[in-house]
């Protein structure tokens, strides 16, 4: 069986790896370099505790307040696009308690194998930088901390007991870089983080060892179909034939789906990061700055500060004002800006759906065409579970985990 995977980010590579393990002949196509785009400069968190969908109860009013603040965590660039207006309307409709809880439990079930699968990848020879030191939450307000702790209570059925509350002094004892303004926090011990570039490179090395056909700089321009089945894809470098096709192109998936004749409402949610080389400060674990919605990730030889959400369409342009907003928003949390031997700035486009859930399954009306995208900020977290589930679905006809909440057909109307 020859499977053509369209997209060489962490989701596409995870699916390609799991398919290769099962003996499939795999071809991976990417319009740029493999493992780049949104898979390269993110925080690298493996955080089932943050599995909640992006649209949540009360978010629309909160978002309006953020939009009035120049350093707010959300920026929406107005644009005269009916498809985007429809996406925003559908997003608003999902900001309710019922959809939020249904989505949270669906993602939590998908995530239930995450740590086991990451350990399995390492035992199979996928080499990457991974740390198992937990995730420290820091807050300026006990009210925000308590709200976040209450949300974690939803994950108790999946083995996540709400962590003990920490005082400001206890949080600073774990991360001395934090300022006196930090009033409280808590530590989720089970969480992990990876250096995301090393993860992509590790998967690429293993795929190469398994004989996968990796084709960077190969832009897909369309599909060819006969009697409801895809027979090949057109690329700028020629035609690529296959038996099964899997669309895992991240934020570009909607454009490719539209060219293929079906609707996939995936918007680009741009995130930013600043990576400090050889930082003077050492953090024992990642830190999530609650009110700012900014994360600090310590890696071997660097410290990454990541955050913000920008809805501005398919644009890889780095908005310097958003980088400045990250710096301003964390001033209240840190004693000083971390110094080092230089900084690297980055922006990546994360694929967002209006209900906040990934899209996993067969495309409606296309018997041998599958979709795996829409993971928003959980691409690294959900990569192994997505790869395994899609390989099971493609090779066996069904996945062990329930994929019905993620069915692409939910957007077909």
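No value in this document is a laboratory result; all are computed from the given coordinates. Just so it is clear, the model here is predicted, and its values are computed rather than measured. Here Cβ is always computed from backbone atoms with ideal geometry, including for glycine, and neighbour counts include all displayed protein chains.
Sorted on the mean count of surrounding Cβ atoms within 10 Å across their residues, most packed first, peptides 124-137, 191-204, 315-328 read 191-204, 124-137, 315-328. Here the residues 170, 56, ranked from fewest to most Cβ neighbours within 10 Å of their Cβ, fall in the order 170, 56.
Taking every DSSP beta bridge that has both ends in the chain, the antiparallel portion is near 70%. Taking other C-beta atoms within 10 Å as the exposure proxy, 45, 87 rank 87, 45 from fewest upward. The convex hull built on the alpha-carbon positions of the stretch 306-353 has an orientation-averaged projected area of 4.3 nm². Highest mean packing first, where packing is the average number of other Cβ atoms within 10 Å per residue, the peptides 354-365, 177-188 line up as 354-365, 177-188. According to the Cα-based calculation, Rg over Rh for the stretch 321-396 is 1.19, with Rh computed by the Kirkwood formula. Between residue 189 and residue 314, the C-beta separation translates, for a Förster distance of 51 Å, into a calculated FRET efficiency of about 0.85. Full extension of the chain segment joining residue 83 with residue 119 gains 8.9 nm, where the gain is 0.36 nm per residue of separation less the Cα-Cα distance. Extension gain, residue 396 to residue 2, is 140.4 nm, computed as 0.36 nm per intervening residue step minus the present C-alpha separation. At q = 0.07, 0.08 Å⁻¹, what log₁₀ I(q)/I(0) does the chain have when each alpha carbon counts as one equal point scatterer in the Debye sum? So the normalised log intensities are -0.31, -0.40.
Extension gain for residue 409 to residue 96 (0.36 nm times residue separation, less C-alpha to C-alpha distance): 110.5 nm. Counting other Cβ atoms within 10 Å as a rough exposure proxy, the listed residues 172, 22 run 22, 172 from fewest neighbours to most. With a cut-off of 15 Å, note down the residues of the stretch 112-131 whose backbone N falls inside the zone around a label point 7 Å from the Cα of residue 282 toward its beta carbon. Flagged as within label range: none.
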